[in-house]
């Protein structure tokens with residue numbers, strides 16, 4: 001009988017003697033039996049497809065030799081895989097030895113939520129969360145305007161102690177955020193401790209709604225007889241480039257004299273969004289250089305024109321990551337804007353999202369990037385031109401934001417003298 005066709009790439013050459021072919025099958029852990037050839041079920045096919053997609057797109061194929069990549073696929077298929085949940089677990093175990101936390105399987109709920117954030121909206125309660133100063137507690141950075149959290153009076157600096165009875169310190173940041181998301185119309189119970197030192201924790205029942213993430217916010221600040229524009233970008237989702245254009249046009253109408261660009265706690269998002277915003281501030285200078293798995297580099301250059309060419313300063317912190325670091329690095333290297341705040345996160349890798357066809361997906365690292373001057377910021381971050389005092393404000397852009405006041409003071413010094 002004819003030997004079975006392989007189920008994954010790269011293809012195996014079957015032009016061998018019968019003995020060699022049988023030996024090869026035995027090495028693969030398969031056995032030729034009389035009757036129809038063995039076939040993979042749908043769950044097993046999902047594992048094979050995930051292996052194939054990572055194999056053909058991961059940024060560092062030399063890593064596969066170190067972790068015995070083909071053997072990991074076979075080891076995964078030796079386990080009982082009958083359901084989608086078992087397939088996701090097998091894929092996660094297969095990817096773990098690569099040692100890249102950004103290359104991961106996304107179960108259907110996680111894949112849907114991640115796609116929603118790139119589109120600029122989610123279904124949830126409207127809380128922006130961050131880690132507390134001890135690195136363990138989950139604190140409220142800010143409630144989104146008009147969200148269920150804002151209407152319930154949850155204030156910046158509050159600590160989220162529990163979600164549905166689960167301690168948040170045990171869940172961690174990502175799991176806590178995931179518990180707050182869910183279908184619009186459903187409810188979630190939180191235990192909140194307000195920021196006042198002697199305040200008692202209180203139970204809050206919030207009804208989830210479709211929430212606009214408002215990734216671009218802007219307003220005019222009046223300082224010392226001058227008009228300054230504050231442009232805050234909280235992530236790089238699809239609506240961001242258009243939102244930035246609109247904000248800068250509004251600043252022009254308001255006759256602002258300088259701009260404060262606030263990238264604090266902007267964890268990234270779409271790389272193209274970061275590049276597009278860089279184009280709004282930089283003219284005919286390099287923005288970023290990316291390198292793919294073949295070692296080929298692509299240098300992205302800003303167009304000749306720019307939407308705003310006046311004085312500016314940029315606020316960054318440890319939550320400034322990925323696409324926002326591309327923007328910050330370009331502004332700093334091109335001498336377009338000084339960076340103020342604290343060292344950025346240090347994520348110099350670029351991922352792509354791949355749909356696996358059953359509602360789940362993969363996030364796969366496909367490229368590295370360096371700043372225009374050639375700096376590789378992976379695990380190092382970008383040092384600001386001016387360090388601002390700690391502790392940093394928990395409510396960026398709020399009334400008690402002393403970093404914003406320091407940025408405004410520096411910007412005033414950079415305005416043309418009249």
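Rule-based calculations on the coordinates, nothing more; no lab input. On a predicted model such as this, the values are computed, not experimentally measured, just so you know. Ideal geometry is used to build each Cβ from the backbone, glycine not excepted, and the neighbour counts take in all protein chains shown.
In units of 2.2 N^0.38 Å, what is the alpha-carbon radius of gyration of the range 45-99?
Its radius of gyration relative to the 2.2 N^0.38 Å reference: 1.06.
Which percent, to the nearest 5, of DSSP beta bridges fully inside the chain are antiparallel?
Taking every DSSP beta bridge within the chain, about 75 percent pair in antiparallel fashion.
As a test of the definition: which semi-axes, in Å, follow for the chain when you take the square root of five times each eigenvalue of its alpha carbon gyration tensor? Largest first, please.
After diagonalising the Cα gyration tensor, the semi-axes are 46, 28, 17 Å.
For the Cα atoms of the chain, what angle does the longest principal axis make with the long axis of helix 84-95, in degrees from 0 to 90, nearest 10?
80 degrees
To test your reading of the geometry: what angle, between 0 and 90 degrees and rounded to tens, separates the Cα axis of helix 18-27 from the longest principal axis of the chain?
On a 0 to 90 degree scale, this one is about 40.
At a Förster distance of 45 Å, what's the computed FRET efficiency of residue 202 paired with residue 79, Cβ-Cβ distance as r, to 0.05?
FRET efficiency, residue 202 to residue 79: 0.45.
Take every Cα pair under 8 Å in the chain that's 6+ residues apart, average their separations, divide by the length, and report that relative contact order as a whole percent.
Worked out over the chain, it gives 13 percent.
For the chain, take the longest principal axis of its alpha carbons; what is the angle in degrees between that and the long axis of helix 108-119, to the nearest 10 within 0 to 90?
Between the helix axis and the principal axis of the chain, the angle is about 40 degrees.
Compute for the range 255-304: radius of gyration divided by Kirkwood radius, i.e. Rg/Rh, restricted to C-alpha atoms, rounded to two decimals.
1.06
Per 10 Å bin, what percent of the C-alpha pairs of the range 216-414 does each bin hold, from zero upward?
The distribution over the range 216-414 is 9, 37, 36, 14, 4, 0, given as percents.
Quick check: Cα centre of the range 349-368 to Cα centre of the range 296-346, how many Å?
What the calculation gives is 25 Å, centre to centre.
Counting only helical runs of four or more DSSP H residues, what would the 222 nm mean residue ellipticity of the chain come to if each run contributes -39,500 (n - 2.57) and the total is spread over all its residues?
Estimated from H runs of four or more residues: -9000 deg cm²/dmol.
Looking at the range 301-365 only, what percent of DSSP beta bridges run antiparallel? Nearest 5 please.
Around 60 percent antiparallel, to the nearest 5.
Considering only 360, 237, 322, give the residue with the highest GNM mean-square fluctuation for the chain, with springs between Cα atoms whenever their separation is below 10 Å.
360
Just to be sure I understand: of the beta bridges DSSP finds with both ends in the range 294-418, what percent are antiparallel, rounded to 5?
60 percent
Only Cα pairs under 8 Å and at least 6 apart count here; give the relative contact order of the range 122-212 as a rounded whole percent.
Contact order relative to length: 33 percent.
State, to one decimal in nm², a quarter of the convex hull surface area for the C-alpha atoms of the range 122-212, i.e. the direction-averaged projected area.
Over all viewing directions, the range 122-212 projects a mean Cα-hull area of 5.2 nm².
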